[in-house]
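Just so you know, all these numbers are worked out from the coordinates, no wet-lab data involved. All figures in this text were calculated on a predicted structure; none of them were measured in a lab. Cβ atoms come from the backbone with ideal geometry, glycine included; neighbour counts cover every protein chain shown.
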Amino acid sequence: MKLQKDLKNLHSEGKYSEAMDLAEDIKAKVRAEFGDHNPVYASAVNNVALMQKMMGHYEESVASYTEAVQLYKEVAGSEHPSYRTALSNLGLAYKSQADASKGVERLSLLERSTEALGDVLDLQKASLESEDPNIAVTMTHLGSVQLQLKKYQDAEKNLRDAVQRLESAYGAEHLSVALAKNNLGFFLKSTKAFDEAEKLYLSAHEIRAGQLGPSHPDSIITKNNLAELYRSLGNDSQANLYQSEILSALEETK
């Protein structure tokens, strides 16, 4: 129990190399005590996969998440929440690997991400209450991948639905709502619906900056999205102002 707490603390502090070593140690200890065909070991493998992902070792992370998914399916069944969580993690790992790839490989990884997240969404809709916010979170992730694949109709449907569901579940000021609005804003910018995109970006940034602070990476991402939007609109003065504020925020974190 203490080792798990230490792992969580290292992860939250961004000490991923140390966390990776501890996750591997926990995995070995669990395997020695319980074997390698049980939910406890699957959880340990899942933790290793997370640290591999955080360190940018995407191929290894995908392999570990795939192992965790298979283990959970065998020992707990595909209806178990842990299986859905692991499958979602795998889908997001494919996306991270795709973002670091190019060409045909990138498209193939995005398709795998879509398949995994789509399966998670189907399982959630079959087993959870319709208003469960986990459904909306999956819609947000799936919609962002569909956008990268230029599946615009599917992306818009999932992203709009996600915003409505999350606002209903958590209220308008929740960080999950900010993520969904940022993703929907990105979609709308890509389809040149600039006015609505601006409103969503501004709302997302207000939530993130208010709760996380202006120097937090998520706040900076949304402000940069706003700067790029204004640049697309020819409003260079506003774009330059935001980019200057981003540089100042980054300086404060050094």
Cα-based helix-to-principal-axis angle, 81-99 vs the chain, degrees rounded to 10: 50 degrees
I need the phi-derived Karplus couplings for the range 208-222: 6.51 cos²θ - 1.76 cosθ + 1.60, θ = phi - 60°, integer Hz, Gly and Pro marked x. 5, 5, x, 9, 9, x, x, 8, 5, x, 5, 5, 5, 4, 5
What angle, in degrees between 0 and 90 and rounded to the nearest 10, separates the Cα long axis of helix 133-148 from the longest principal axis of the Cα atoms of the chain? 70 degrees
From phi via Karplus (6.51, -1.76, 1.60), per-residue ³J(HN,Hα) for the range 194-206 in Hz, x at Gly/Pro: 5, 4, 5, 4, 4, 4, 5, 4, 4, 5, 4, 5, 4
Other residues with Cβ under 14 Å from the Cβ of ARG112 give, with Lys and Arg +1 and Asp and Glu -1, a net charge of -4
Rounded to the nearest 500, what is the chain's calculated 222 nm mean residue ellipticity when only DSSP H runs of at least 4 contribute -39500 (n - 2.57) each, over all residues? -28000 deg cm²/dmol
Applying a 10 Å radius around every beta-carbon, put 234-245, 55-66, 173-184, 118-129 in order of their mean neighbour count, most first. 173-184, 55-66, 118-129, 234-245
Hey, quick one: spin label on ASP25, modelled 7 Å out along Cα-Cβ, who in the range 1-15 has an amide N within reach, i.e. under 14 Å? 1-11
Rank ALA44, GLY234, GLY103 by how far each Cα sits towards the positive end of the charge dipole of the chain (+1 on Lys, Arg Cβ; -1 on Asp, Glu Cβ) and give me just the farthest. GLY234
List PHE186, PHE34 from most exposed to least, where exposure is judged by having the fewest other Cβ atoms within 10 Å. PHE34, PHE186
Mind checking the angle between helix 39-54 and the chain's longest principal axis? C-alpha axes, 0 to 90 degrees, to the nearest 10. 40 degrees
